[in-house]
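Values quoted throughout were computed directly from the atomic coordinates according to the rules given, and no laboratory measurement underlies them. Since the model is a prediction, treat every value here as computed from it, not as a measurement. Note that we place each Cβ from the backbone using ideal geometry, even for glycine, and neighbour counts take in every protein chain shown.
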Amino acid sequence: MSDKEKIEILLKNVINMHEKLNILIEYLAKDVKKEEYQREFYSEEEKLVEIEKDTYNEMCDLMEDNTIPFMGIA
């Protein structure tokens, strides 16, 4: 099996995993009521990257209305 074929298989697995995660997220989101949901902004020790809160909220909005999927943000 060539390197190209191996990479193609890995990419297909990532896409498949992403699709399954979206299904799980949609299923779990059905139980969450809008009023009860509050976005969390991580504390300093949990941050992976520096990001402004407005930018974070905007990215959440884009994912929420499916303008950009999670992997598009990532």
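Each of residue 67 and residue 23 was given a label point 7 Å from its Cα along the Cα-to-Cβ line. The distance between the two points is 2.9 nm.
Rounded to whole numbers, the Karplus 3J(HN,Hα) couplings from phi for the stretch 20-27 are 5, 4, 4, 5, 5, 4, 4, 5 Hz, using 6.51 cos²θ - 1.76 cosθ + 1.60 with θ = phi - 60°, and x at Gly and Pro.
Counted by neighbouring Cβ atoms within 10 Å, the residues 3, 61 run from fewest to most as 3, 61.
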